[in-house]
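Bear in mind these aren't lab numbers, they're just calculated from the coordinates by the rules spelled out. Values in this document were obtained by computation on a predicted structure and should not be read as measured data.
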Ligand SMILES: [Zn+2]
């Protein structure tokens, strides 16, 4: 229907065939890793789950609410959907995240404004851009025909696939890493709301020009998903002013060298991304603080020192070490 509508009523083009299966028409057996589909008149088909045992175990106790069978690129796929309610923990700390194309900066603050952790991670935006530029070059070379020449189209598709793989791979790992860290510190995870990125916002201009917002959205999706899966609260704040307002006096910040901002009014100088994490923190606290503490001392904390008050806390969350090699993640480059 959608395809026909978009076609102006002409013959619909079906790109993807998919069907939802009613819960009475299948049986999911996680113990034996099988899925039995009841087809027509006593005809059943039994499928073996190809997801890893470890992955399947994660969904035990969740409710399985839907099954979708898809036909895509000559293959049949069955997707099993699970859900469960998230019961967010009472946050003891606040993790704020500033997303840029070149890097992701995250900081963890105590509820009274001390920074206990600071981390900058590189994004693979250069790799993605390289593939994007390849696609554009090919399209420029065959401006009218690239869609119709099989070899050309295939070459473009190959670059597109690489972009897709690089970005999903990265965002999954990043989401996992960030959520593990947030869990360790019992943090609420605070992000900037994407919908509110305005045209006049410098950041959004930079994004649109270079990649579009999809990469940013994907990072946010994965961070949110992984955090919620660990019963962590995720909050989105309005990004207005987070990279232009002085966190100390509220004055306007001006650029003062490469990714450094300075306040003309009070003399505050700070790294652009770190300053954004302070502003995001302040916005969160002013809206969500239950005890009314606010403010952050922009120069006080040393990055990466151990949080006080966390010792002796033999909580399960604390014992879950963040170990990139165990989870099979290549180390996300830090700088
Ligand atoms: Zn200032």
*Provide the gained length on full extension for the span residue 214 to residue 258, in nm with one decimal, where the gain is 0.36 nm per separating residue minus the Cα-Cα distance.*
13.3 nm
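Hey, any idea what Rg/Rh is for region 80-119, computing Rh the Kirkwood way over Cα pairs?
1.16
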*Once you have the Cα-Cα distance between residue 157 and residue 32, take 0.36 nm times their residue separation minus that, and quote the gain in nm to one decimal.*
41.2 nm
_Relative contact order (percent, whole number), region 16-170, Cα cutoff 8 Å, 6+ residue spacing_ = 13 percent
_Given axes a ≥ b ≥ c from the Cα gyration tensor, I'd like to know whether region 9-106 is rounded (a/c under 1.5), prolate (a/b larger than b/c) or oblate._
oblate
